[in-house]
1. Among the listed residues Ala43, Ala49, Ala32, which satisfies the condition of being touching a Lys or Arg at 6+ places or on another chain (Cβ under 9 Å) and aliphatic (A, V, I, L, M)?
2. Every residue in the range 21-48 that is of a type in the set (D, E, K, R) and either at pLDDT below 90 or touching a helix residue (DSSP H, G or I) at 6+ places or on another chain (Cβ under 7 Å) (or both), please.
3. Taking Ser27 as the residue in question, decide whether it is free of Cβ contacts under 8 Å to residues at least 40 places away in the same chain and surrounded by fewer than 13 Cβ atoms within 10 Å (Cβ to Cβ).
4. Out of the residues in the range 1-20 that are within 11 Å of Ala84 (Cα to Cα) and in contact with a strand residue (DSSP E or B) (Cβ under 6 Å, 6 or more places away or on another chain), state the one that is modelled with the lowest pLDDT.
5. Out of the residues in the range 48-82 that are exposed (fewer than 15 other Cβ atoms within 10 Å of the Cβ) and of a type in the set (A, V, I, L, M), which is farthest from Pro17 (Cα to Cα)?
6. In the range 1-76, which strands (runs of 3 or more DSSP E) lie fully inside it and hold 1 or more residues that are on the phi > 0 side of the Ramachandran plot?
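The values are calculated or read from the model by the stated rules, or taken from the named source; none is laboratory data. Bear in mind the structure is a predicted one, so any value in this text is a computation, not a measurement. Positions of Cβ are backbone-derived with ideal geometry, glycine not excepted, and every protein chain shown enters the neighbour counts.
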Amino acid sequence: MKNGIGIGQFKAGSTIPVKFQLTDGTSLITTATGTVTIGSASASFRWDATAQQYIANVKTDKAVIGTSVSVVLAVDQAGNQTIATIDLR
């Protein structure tokens with residue numbers, strides 16, 4: 001999925017790597033902090049200088065099999081934004 005477009009199906013109880021970049025419209029932001037939440041699971045993201053992107057490895061809950069859950073990005077001092085919806089199978 002790119003920018004929330006496409007279909008994502010993941011196994012419930014698996015760890016999903018969420019990778020993304022942040023910009024201010026012209027420059028890449030490399031100092032942001034925050035979390036990525038998938039359903040009831042959450043993980044802090046970190047900057048990967050080699051790949052030039054942020055990454056969060058979010059372990060999903062097995063109890064949500066067969067449901068659609070939102071992937072929510074929360075950047076400190078910038079608010080929350082739903083970036084995708086995925087199905088857990």
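1. On the way: Ala49 fails: touching a Lys or Arg at 6+ places or on another chain (Cβ under 9 Å); Ala32 fails: touching a Lys or Arg at 6+ places or on another chain (Cβ under 9 Å).
Answer to the check: Ala43.
2. Asp24
3. When the stated conditions are applied, Ser27 passes them.
4. Met1
5. Ala78
6. In the range 1-76, 34-38 are the strands (runs of 3 or more DSSP E) which contain 1 or more residues that are on the phi > 0 side of the Ramachandran plot.
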